[in-house]
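Structure first, then comments.
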Amino acid sequence: MSESRRQGMSNCGLPRFLVGCEDGDSRELEDSDMRNIFGPYGDEEDDEDQSERQIVVGICSMTKKSKSKPMTEIMERLCKFEYITVVIFPEEVILNESVEKWPLVDCLISFHSKGFPLDKAVSYTKLRNPLLINDLNMQYFIQDRREVYRILQEEGIDLPRYAVLNRNPDRPEECNLVESEDHVEVNGEVFHKPFVEKPVSAEDHNVYIYYPTSAGGGSQRLFRKIGSRSSVYSPESTLRKTGSYIYEEFMPTDGTDVKVYTVGPDYAHAEARKSPALDGKVERDSEGKEIRYPVMLTAMEKLVARKVCLAFKQTVCGFDLLRANGHSFVCDVNGFSFVKNSMKYYDDCAKVLGNMVMRELAPQFHIPWSIPMEAEDIPIVPTTSGTMMELRCVIAVIRHGDRTPKQKMKMEVRNALFFDLFEKYGGYKNGKLKLKTPKQLQEVLDIARQLLAELVQHNDCEIEEKKSKLEQLKTVLEMYGHFSGINRKVQLTYLPNGQPKASSEEEDSLKEGPSLLLVLKWGGELTPAGRVQAEELGRAFRCMYPGGQGDYAGFPGCGLLRLHSTYRHDLKIYASDEGRVQMTAAAFAKGLLALEGELTPILVQMVKSANMNGLLDSDSDSLTDCQQRVKARLHEIMQKNRDFSEEDNQKLAPTCSPSLVNSMGVISNPVRTCDKVHTLIQSLTCQICKRLEDPKSADLQLYHSETLELMLQRWSKLERDFRMKNGRYDISKIPDIYDCVKYDTQHNSSLGLEDTLELFHLSRALADIIIPQEYGITKAEKLDIASAYCLPLVKKIQLDLQRTHEDEAVNKLHPLWFRYSRGVMSPGRHVRTRLYFTSESHVHSLLSIFRYGGLLDEQIDEQWKQAMDYLSAVTELNYMTQIVIMLYEDNNKDPSSEERFHVELHFSPGVKGCKDEDNAPLGFGFRPASSENHEKQTDQGSLEDLSQDEPDRAAPSEPISIQRKSPLIRNRKAGSMEVLSESNASRGSAYRLFPSSSRQSPEIKPSGLELLSMPAVKRFSVSYARHPTNGFEGCSMVPSIYPLETLHNSLSLKQVDEFLTAVCKNGSETQFERLKSLSAMFDSHAQPSVDVESQEIPVQLSQPPVRPLWYSSDPPSTVSSAGPSSPSVVEPSSNFGFNCE
């Protein structure tokens, strides 16, 4: 063998980046093609009569690998090279024979797997000196994750921040581990949860991810796939005590991993799959194969692939990429690895390997050969037709799901122990402190226990805190037996001069000097019913996205799932810092993306905590001056012991809302109604007391593990607080009363308590006045208060719409893979989805801005007038209320036309209330057809022709003409979707996409090239009335959700942008300055576990584009690429800058 035979690939000339042959033809292999594929080994010589010497390529691996489908497919194609013969080493020879008796080959493809004798393979290469496709010595390093990370670091390849814990008795300095509740310190390096724990052996696939206590704690345990499982959630949070591990920072990838497969330094194929850390459920197709989706690598990622290939000297090499925070990180290198079930990859891999072998060895054997020159494939992607609009952006603001009643207890504290705690956690910086972590709540509990013990031992001790309050504090903090960081919190506020005593709760005489107001909040947890509501709504939301017809995944809405897994779905989910809101967001994501398992892993990976200057959170204790005046006026009107007069109607309902006027008619006299409500509450508490005395009720378990004692506590507290000592009523308690009776009517009706329905109807009538009017009585007040609550959210929505049409060159689908994109009209483009989960205050405020901010004139616009009438009739913005904005692009319009981008506004009042579905206001449906198409409109919930949705897309269009150099003959299965296409030089070419079926139509032949004359692409048009939550009407504990109603479906983006700009400008100077200080939380994965106290840091807002907002630089036939999967990141503990992600 010559010296050049021993050279590695790094020393040879490099081929250009190949993307496959032009037509992708493959014929049936004849017997002659398979010559010697399992053939001769030993020292047999070639036939002397052979005119040219054959180059023998040997496959030396375990039988499971060498005879696998990918290897067989590639080797069959490699045999098509005229001068290449493939020899597979039998496993028994590899294991039992000496290397001298192994087959004699010119080129060796050999790689380690379980049971493979790598040492013998190394000896064989020393003996025979074959050309190595994959270096064998480097495969020792690949088996050790420590060495893999070392090599990656030396090559300057980005990888997650990590530290190595070597449990080696001889080197104790490498085993410094300090484990804390929410972080771990490894050899001085601190990792906050969530973090990853990997065994140092690459053969050990038992990787653990540990979650913070504020997200529920526990760990996700990953393992090598077993059936349809690749991980399982465990409540265990303790680190493993034996073995050596790598600890690394958890990277937020939005639930998708990227697998990259190189064939030489200049070819890389990438596929996306669902992250095994998400829910542990392996997605499989109808043939049982794991579902993966091809993605296009960025230029930087291609460079990383080249570096990995050369650094590890592995021509055929697989590695894992994590796309997080706008960057790509390598987290694992697997060595020799093939793509499964990809005919294009098999073609490309065989071609690249064959060319490599021939280039290296043909000259030595005097074989006439030169690298063939081939025309590159022209990337063909579909464009939208004149009657179609492409969905570009979905923005939804959603209230949380069904929850337990919120409860609150206030007490003034003066003990030094509370002041010490306040100082310890930096309360003096802002005068306020929020304690949520288990460690912090445990400290508060310890103080309460200590003070109560002192009160028992010394009755005359100087403890100013009331014993009853301390006992309640202790009882609530001891509930559930553990702290999760989600369902309880303590707020401390510094009072320089003590607390004025104004309510029935505060009866102590006024004390001088500073004090702390302790507010304990509990309850308000998302119930099982709330989880079902959120998950099912997420499932229904899928159907608003184009694509997904047929049997590809066995259910509608899979168009969205393909979008997400191929990085054409730019999804971000934000939630306020309330546990119920975060869990709602996680449950919604579970349904939206067809995930399984516990919510904690989904919460950590998919939901971003948006606790930033009021984006989704609001400090209910810090009311604006306007809101304080409104509440005072409400209190004054509702304290009048007489029937409502016409003057009262004008004062209380100047907008003449029918829902308000009807409620005032039910109440008539507000004081007498409050008297009646108080009497009914007393009756209720008496009934509960009697139940407690009944031995049969001793073990009675109420909904969500509540006991009769806890139920009595919440009703008794409302009874005490509602009527104050002066005999007047505290109307601020009305929402709490309605909250409690609504909960018990729905979930605890089996108790059979008398008069609960009457209490429900009266309290609801009161709440229907108090709750919406707390956000403003007049239109001006409503807008003022709304701006205070959600001006940052309005600006964020505007930026979401602005950025949708911009051209960004990352993460787009490879255009050759359009067969995966059927139903998504431009597969190279992305759909931006932004979901904002929040509480009632933000939903009320945002709706007020759209209703009263001057978006449209209802005197001129008939559709808007109908929408306003409908909203005025809605009495309650219940759980799961949705405000949805959808942006479409009509590629048939001129790029600078206002008609290019089209905005629709939709709304649902959320969950259906108890016993009142017959009186619910009715809208005009979701995306109603125009009058001229009304007769054609199909039933809601069915497949609709998208061209029938709007008057400007009523006319059908011709199939789009696509020019190609040659016909696209390929008709291969992609999952259970197929593509037929045709090209004809005389009339151009066209294609149509269609769902495959188990019984194919006789006129459609597998190899057919007929032009399919089909109507415009259809999509599943969701009707929540027919498909509200996948039919959970049958579950008595889970009310269904009202359908989405279209408020307007013919807005231009220019209209909406100008409206939102005006709203922001009309905000007060204080509010606008507050907006400017928003930080870049939106592009970092600030974990929900971290309660980051926002700080005011001036940040430049993104400047508006110079060209018109609705202008698109792309002509109708071009395709823009998708935006980043994840935005730029900073450290979670740092302050964030504001941008539009």
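The values are calculated or read from the model by the stated rules, or taken from the named source; none is laboratory data. Since the structure is predicted, the reported quantities are computational estimates derived from the model, not experimental observations. A quick note on method: Cβ atoms are made from the backbone with ideal geometry, for glycine too, and the neighbour counts reach across all protein chains shown. All accessible areas refer to the heavy atoms of the entire protein, side chains included, with ligands and DNA or RNA removed. Shrake-Rupley method; radii C 1.70, N 1.55, O 1.52, S 1.80 Å.
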What would the Debye formula give as log10 I(q)/I(0) at q = 0.21, 0.22 Å⁻¹ for the alpha-carbon point model of region 77-195, no solvent?
-> -1.20, -1.26
With each label point set 7 Å from Cα along the Cα-Cβ vector, what nm distance links Tyr494 and Leu700?
-> 4.8
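Taking the Cβ-Cβ separation of Arg642 and Ser750 as r and a Förster radius of 30 Å, what is the calculated FRET efficiency to the nearest 0.05? All intermediate terms of the calculation are to be shown ahead of the outcome.
Details: r = 40 Å, r/R0 = 1.33.
The computed FRET efficiency comes out at 0.15.
Compute the length gained on full extension between Lys429 and Lys114: take 0.36 nm times their separation in residues and subtract their Cα-Cα distance, giving the result in nm to one decimal.
So the extension gain works out to 107.6 nm.
Defining a contact as two alpha carbons under 8 Å apart and six or more residues distant in sequence, what relative contact order in percent does region 144-277 show? List each step's numbers first, then the result.
Numbers: 239 pairs, mean separation 29.5, N = 134.
Relative contact order here is 22 percent.
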Kirkwood Rh (inverse of mean 1/r, distinct Cα pairs), region 165-254, angstrom = 13.8
Give, as ranges by residue number, the residues of region 425-461 whose backbone N falls under 11 Å from the point 7 Å along Cα→Cβ of Lys467.
-> 452-461
Ranked output for segments 589-598, 681-690, 569-578 by mean other Cβ atoms within 10 Å, highest leading, reads 569-578, 589-598, 681-690
Modelled label-to-label distance, Ser228 and Glu97, 7 Å Cα→beta-carbon offset: nm?
-> 4.4
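In the structure shown, do any of Lys424/Lys631; Lys193/Lys281; Lys281/Lys742; Lys410/Lys782; Lys126/Lys198 have a Cα-Cα gap over 26 Å, and if so which?
Details: Lys424/Lys631 36 Å; Lys193/Lys281 23 Å; Lys281/Lys742 37 Å; Lys410/Lys782 29 Å; Lys126/Lys198 34 Å.
With Cα atoms farther than 26 Å apart: Lys424/Lys631; Lys281/Lys742; Lys410/Lys782; Lys126/Lys198.
What length, rounded to one decimal in nm, is gained on full extension from Val519 through to Lys307, with 0.36 nm per residue of separation minus their alpha-carbon distance? Write out the running numbers ahead of the final one.
Numbers: separation 212, 0.36 × 212 = 76.32 nm, distance 5.65 nm.
Full-extension gain reported as 70.7 nm.
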Could you point to the residue in Cys686, Ser716, Pro654 farthest towards the positive end of region 652-736's charge dipole, with +1 and -1 charges on the Cβ of Lys/Arg and Asp/Glu respectively?
-> Pro654
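What's the FRET efficiency of Ala1062 with Arg629 using the Cβ-Cβ distance as r and R₀ = 30 Å, to the nearest 0.05?
On the way: r = 25 Å, r/R0 = 0.82.
Efficiency, rounded to the nearest 0.05: 0.75.
Indicate, rounded to the nearest 5 percent, the antiparallel portion of the DSSP beta bridges found entirely in region 56-213.
On the way: 11 of 21 bridges.
Roughly 50 percent of the DSSP beta bridges within region 56-213 come out antiparallel.
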When the distances between all Cα atoms of region 860-904 are binned every 5 Å from zero, what whole-number percent does each bin get?
-> 5, 16, 15, 18, 16, 13, 9, 6, 2
Among Lys469/Lys651; Lys101/Lys313; Lys408/Lys690; Lys467/Lys733, which pairs are too far apart, with a Cα-Cα distance over 29 Å?
-> Lys469/Lys651
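What number comes out for accessible area per residue over region 656-758 if the probe is 1.4 Å? Units Å², please.
Details: 4870 Å² over 103 residues.
Ligands and nucleic acids excluded, the figure is 47 Å² per residue.
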Going by average Cβ neighbours within 10 Å, how do the peptides 99-106, 892-899 rank, with the highest at the top?
-> 99-106, 892-899
How much length, in nm to one decimal, is gained on full extension between Glu454 and Val190, taken as 0.36 nm per residue of separation minus their Cα-Cα distance?
-> 91.1 nm
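Under 1.5 on a/c is rounded, so check that first for region 632-745, then, if it is not, pick prolate when a/b is larger than b/c and oblate when it is not; a ≥ b ≥ c are the square roots of the alpha carbon gyration tensor eigenvalues. List each step's numbers first, then the result.
Numbers: a/c = 3.02, a/b = 2.25, b/c = 1.34.
Taking the square roots of the gyration eigenvalues as a ≥ b ≥ c, region 632-745 is prolate.
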